[in-house]
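The values are calculated or read from the model by the stated rules, or taken from the named source; none is laboratory data. As the structure is a computational prediction, the values presented were derived from the model and not from experiment. Cβ placement follows ideal geometry from the backbone for every residue including glycine, while neighbour counts extend to all protein chains displayed.
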């Protein structure tokens, strides 16, 4: 019994020694896969995605790593929502117009003639899409996803392969690339034909003549090389833009430690502030490059503006009326959006 007691005591002391002298293992690195459809040169990647990835790494001291797969490497633009819902990827860049059948109300940021620039649109739509916002509850929750951050694009402009685009009547019958949905409706109200198309398809479609022009941002025209193909642009119309929502599936989100969740959201807030300001500055730089490339900007004649404004107002009225048929809260969402637009000075 005495020998057994001594052996037990030695074992206990040895265990205690190792417990106090062996360092605790470092926390295991968390690797998340992020997918989107844009090329690495696109302004949303340069100023948004890359900044978020770097900020997450910095805030987590390297413990959280985001591996980025751009240019539809892991799925087409229209499939990215399904991929995060299924957990095939951890995070993806979702454009509501590409999944409008599942997120009809989240396309509200695409309404024409509402926000003035990327920062104005980002602040307003973030109020609706994130945290306890009305769209976070109504559509993001129902789709089992969480928006980690969102960026509103600058407003879109008409670019044409034709030499002169000096009037709204000049676009009649033209096939113009759009995001689809609301933007196609706006174009069609003005006599053109909207052709929904994701970014990777635009250059080839323009070069082959599949479309006569496009409705796009200045920065994306330059980064995609479309300024080498178009010859004129029509200014003075705010066709709205789009929200690029970096989204995670609820199941994956709930599996993360609370401190990791806080880091992803904090990095998202920092990214929204940084990216929208850089994107607005880049818009001006891109416009200068477009002019230097020989593309002429035509301002819509003053006499045509009332007709254009009436058409765009009708697009908004149609959006509210159409969605109210499927969801009675559509009017409340639009009121919330108008309030958010008025809340921010820019």
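Among the residues of region 255-267, are any crowded, with 20+ Cβ neighbours inside 10 Å and more than 19 Å from the chain's Cα centre (by Cα)? Yes; the residues of region 255-267 include at least one that is crowded, with 20+ Cβ neighbours inside 10 Å and more than 19 Å from the chain's Cα centre (by Cα).
Each residue in region 104-118 was checked for being touching a strand residue (DSSP E or B) at 6+ places or on another chain (Cβ under 8 Å) and either modelled with pLDDT under 95 or assigned to a helix (DSSP H, G or I) (or both), and 4 of them qualify. Criterion first (under 21 Å from the mean Cα position of the chain (by Cα), within 17 Å of residue 131 (Cα to Cα) and assigned by TED's automatic domain parsing to the domain that holds residue 83) does residue 279 satisfy it? When the stated conditions are applied, residue 279 does not pass them.
Taking region 171-194 as the range and being surrounded by fewer than 21 Cβ atoms within 10 Å (Cβ to Cβ), in contact with a helix residue (DSSP H, G or I) (Cβ under 8 Å, 6 or more places away or on another chain) and free of Cβ contacts under 8 Å to residues at least 40 places away in the same chain as the test, the residues that pass are 191, 193. Within the set 328, 305, 335, the sole residue that is part of a loop (DSSP other than H, G, I, E, B) and more than 17 Å from residue 182 (Cα to Cα) turns out to be 328.
One residue stands out in region 189-201 among those that are modelled with pLDDT of 95 or more and assigned to a loop (DSSP other than H, G, I, E, B): the one that is farthest from the chain's Cα centre (by Cα), namely 191. Looking across region 202-226, the residues that are in contact with a strand residue (DSSP E or B) (Cβ under 8 Å, 6 or more places away or on another chain) and part of a helix (DSSP H, G or I) come down to 202, 205, 206, 218, 221, 226. Checking the structure you have, find out if any residue of region 144-165 is over 23 Å from residue 197 (Cβ atoms), touching a helix residue (DSSP H, G or I) at 6+ places or on another chain (Cβ under 8 Å), in the same structural domain as residue 267 (by TED's automatic domain parsing) and assigned to a loop (DSSP other than H, G, I, E, B). Yes, the conditions are met somewhere in region 144-165.
Checked against (1) assigned to a loop (DSSP other than H, G, I, E, B); (2) more than 17 Å from residue 272 (Cα to Cα); (3) within 20 Å of the chain's Cα centre (by Cα), residue 135 passes all but a single condition, namely (1). With the structure loaded, tell me whether residue 288 is out of contact with any helix residue (DSSP H, G or I) (no Cβ under 7 Å at 6 or more places or on another chain), part of a helix (DSSP H, G or I), at pLDDT 95 or above and closer than 25 Å to residue 148 by Cα or whether it fails that test. For residue 288, the condition - out of contact with any helix residue (DSSP H, G or I) (no Cβ under 7 Å at 6 or more places or on another chain), part of a helix (DSSP H, G or I), at pLDDT 95 or above and closer than 25 Å to residue 148 by Cα - is not met.
Could you please let me know if residue 296 is assigned by TED's automatic domain parsing to the domain that holds residue 34 and either under 24 Å from the mean Cα position of the chain (by Cα) or within 30 Å of residue 168 (Cα to Cα) (or both)? Criteria not met by residue 296. Pairs linking a residue in region 77-89 that is assigned by TED's automatic domain parsing to the domain that holds residue 251 and on the phi > 0 side of the Ramachandran plot to a residue that is modelled with pLDDT of 95 or more and surrounded by fewer than 21 Cβ atoms within 10 Å (Cβ to Cβ), with Cβ atoms under 7 Å and 6 or more positions apart or on different chains, are 87/251; 87/252. Taking the criterion of being out of contact with any strand residue (DSSP E or B) (no Cβ under 6 Å at 6 or more places or on another chain) and either assigned to a loop (DSSP other than H, G, I, E, B) or outside the structural domain of residue 35 (by TED's automatic domain parsing) (or both), the residues of region 227-262 that qualify are 227, 228, 229, 231, 237, 238, 240, 242, 256, 257. Is it true that residue 81 is closer than 15 Å to residue 147 by Cα and within 13 Å of the chain's Cα centre (by Cα)? Yes.
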